[in-house]
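A short write-up of the structure that comes next.
The values are calculated or read from the model by the stated rules, or taken from the named source; none is laboratory data. The structure displayed is predicted, hence computed values, not measured ones. Methodologically, a virtual Cβ is constructed for each residue, glycine included, from the backbone with ideal geometry; neighbour enumeration extends over all protein chains shown.
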Amino acid sequence: MSRRGAAPAASALAALALAAAACGRSPYADRSARARRLVDGARIGARVEALAAVPHRAGTPAQASVVETVAAALRADGLEVAVTPFEVDLPEPGEASLALDGAPAFELAERTLPGDPYSADGARETPFFAWAPSGEARGRVVYANHGDRGDYALLAKAGVSVKGAIVLARAGGICRSMKSLLAEEAGAAALLLYPERRDLGVVKPDFPGGPYLNPWAVPRGSMLRYFFYPGDPAGARACSTPGLLPRIPALPISETVAREILERVEGQAAPEDWAGWMKVPYRVGATRVLAHLSTRGAQRSAILRNVFGTLPGRRRDAAAIVVSAHTDAWVHGAIDPVSGAATVLEAADVLARLAKDGWRPERDVVFAFWDGEEYGMLGSTHWVEERLADLPSKVAAFLYVDSSARAWDFMADVSPGLAGSLDDVLAAVPDPATGRPILSVRGTLQLPGFSGDTAPFVGMGGVAGAQVGYGRRTYAMYHTGYDDPLLARRHLDPGWGLSASLARILSVWASTLADAPVPPWRFTEVAEFLRKGIAELRVGQEPFRKHELLLATGRFREAAEAWDSVGGAFRGAQAEALEPLVLSAMAAFRDLPGARDFARSSLLLGPSAETGCGTETLPGLRRALAGDGSPAFEADRLLRALAASEAKLREAVRIARS
């Protein structure tokens, strides 16, 4: 049996698991069957239709209405509901123009489509990038593929200068705000991003006839560099972070606009991996004709609102299980975020009905709905910052859904320590496409990323987190005006089967985690993660005590194996004594004094220095070895964390066996 499949430490389900094994039955099967009966796909669909009926960008009256609808649904479930407002200044879409010399200005807005009554809403505004500054730029246009470091190196090698130019790059690949940073560093005057069909997977009919990209779709987004620090850039912590906001104007454009520009680019043929699927030449070079870009935006004061619905547990002081989504969208946002929010609301319905039938978890289950995620995780970061000092004692696990139904493949990004418990659930929940257990068909689990609401919890808070959904690859209408209820119900989740399946997973996972008398993390997963991460690091000119770190990891693993093997339905004083020890064992890998450096606040996971949105393992040590910091200092931090966590686990084992 793999370490991931070992019995969960101190789980209330341990005794049940042993009994069920004798009968050949999964301990999760009964709850999965109950969730299957209670989850209602039609109810999820009705909520998607209602919540995504009109555009509801953060800070607008329509978004305030969405928040109240969510709060009303939680109240109807009988949960303890709180709506917490806070004030921010938000960028607003304004005027923009783009033209090539000697040609008419491009049409930048999306089009109203026959057969899609929602599409008129997106066509009423010029798509924009939040936090990109207003400004003007005039220069040649240089095509830069995805706009990552390797792409700029190839341009330089080919003798193509970006200085003073307007860069045209494909969306995707790396974080859009990382694209802005790298364009700045290369000396670009402005940045244009367009959606490339080749990056979107299997070709299907264009929307509205199918789910695929149409020529007028324009993906909006945030240019906040949340890989430096997420949340309100005017906040106290963010203000001390240099480089958080971009300095060059940027604009999202459609493939129609990009095609006309690419036709004017001169130079040698681009490498195969630079070529897209439009019927134009893709070249390494620049336009001879100049382009003129002008953007004019504004900021306004706005009230954002987070919503919380709490299902109380037996022990109100125990660390809670947080199940969450976000509610704000760029336009309608039927998939991102409304499908996710509706799925979390359905899980709340299921657990509330279980509670009405007599079930009561050991610890609170909090259903949280964040505002301002699309601007840069404003709501979740605000909440985490207010509780940063004691967050590890407040949250045992953070489960998150951004979108429930992008495609048919199940995806999960999971912190070390939570993967085994998820697989136990997936073994008991059938796949909606094949009917087989999802565990038998799921892809590889990955680590939590840093472009959604998991970022402040995992990065700053040191909380074990996970994001789940269907569809790892982005969908073609992501962040466009065409992400509307028609797209969701007709093409991406007809019958709402994917969202219903995800609601069952959340219901079973959250309820079983909440039943645990102590946080049910599997520390052997953490130990194996550390062993692999340390082993793959190379010793540079400055040694970082790799052998000593591996020995310390070995001692930590011994303690983790002892704890993970204890298993038992602890109650009363014993559970209360074990809880702070287990919480402290995980919190040891969070460095609160380092919270000013978001990328290194967690010793385990941080935002990628290359992509921004992706994940970097052992970020402090890895960056120090790359020349940013002291390897000896970072090795000491990790050695102290390993020793502290080992000591807490050994004490927990002693108490558990007493």
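Identify all residues within segment 610-658 that are in contact (Cβ under 8 Å) with a residue 40 or more places away in the chain, part of a loop (DSSP other than H, G, I, E, B) and of a type in the set (A, V, I, L, M, F, W, C); write none if there are none. Correct list: 613, 618.
Only one residue in 78, 102 is of a type outside the set (Val, Ile, Thr), surrounded by fewer than 20 Cβ atoms within 10 Å (Cβ to Cβ) and not assigned by TED's automatic domain parsing to the domain that holds residue 222, so which one is that?
Only one candidate qualifies: 78.
Just one of the listed residues (83, 66, 88, 70) is farther than 28 Å from residue 126 by Cα, in contact (Cβ under 8 Å) with a residue 60 or more places away in the chain and either buried (at least 21 other Cβ atoms within 10 Å of the Cβ) or touching a Phe, Trp or Tyr at 6+ places or on another chain (Cβ under 6 Å) (or both), and it is 70. The set of residues in segment 127-139 being more than 21 Å from residue 611 (Cα to Cα) and crowded, with 22+ Cβ neighbours inside 10 Å consists of 127, 128, 137. Scanning segment 442-468 for residues that are among the β-branched types (Val, Ile, Thr) and at positive phi yields no hits at all. Please verify whether segment 134-141 includes one or more residues that are hydroxyl-bearing (Ser, Thr, Tyr) and assigned to a strand (DSSP E or B). Within segment 134-141 (the criterion being hydroxyl-bearing (Ser, Thr, Tyr) and assigned to a strand (DSSP E or B)), the answer is no, since none of the residues qualifies. Scanning segment 222-256 for residues that are under 23 Å from residue 291 (Cα atoms) and not acidic (Asp, Glu) returns 223, 246, 247, 248, 249, 250, 251, 252, 253, 254, 256.
Taking the criterion of being part of a helix (DSSP H, G or I) and among the charged types (D, E, K, R), the residues of segment 479-500 that qualify are 489, 490. Kindly provide the set of residues from segment 383-423 that are within 20 Å of residue 312 (Cα to Cα) and among the aliphatic types (A, V, I, L, M), ordered by number. The answer is 391, 395, 396, 397, 399. Go through (1) closer than 30 Å to residue 323 by Cα; (2) assigned by TED's automatic domain parsing to the domain that holds residue 645; (3) charged (D, E, K, R) one by one and return the number of the condition residue 555 breaks. Of (1) closer than 30 Å to residue 323 by Cα; (2) assigned by TED's automatic domain parsing to the domain that holds residue 645; (3) charged (D, E, K, R), only one is false for residue 555: (1).
Residue count for segment 458-484 under the criterion of being more than 27 Å from residue 332 (Cβ to Cβ) and of a type outside the set (Val, Ile, Thr): the result is 6.
Residue 403 meets the conditions (1) over 19 Å from residue 325 (Cβ atoms); (2) assigned to a loop (DSSP other than H, G, I, E, B); (3) at pLDDT 95 or above in every case but one. The failed one is (1). For segment 345-392, a tally of residues being more than 26 Å from residue 462 (Cα to Cα) and not in a helix (DSSP H, G or I) returns 4. Against the list (1) within 17 Å of residue 513 (Cβ to Cβ); (2) out of contact with any strand residue (DSSP E or B) (no Cβ under 6 Å at 6 or more places or on another chain); (3) polar (S, T, N, Q); (4) crowded, with 24+ Cβ neighbours inside 10 Å, the condition residue 324 fails is (2). Take the conditions (1) in a helix (DSSP H, G or I); (2) of a type in the set (Asp, Glu); (3) free of Cβ contacts under 8 Å to residues at least 24 places away in the same chain; residue 273 misses just one of them, which is (3).
Among the residues of segment 367-391, the one identified as more than 27 Å from residue 177 (Cα to Cα) and buried (at least 24 other Cβ atoms within 10 Å of the Cβ) is 367.
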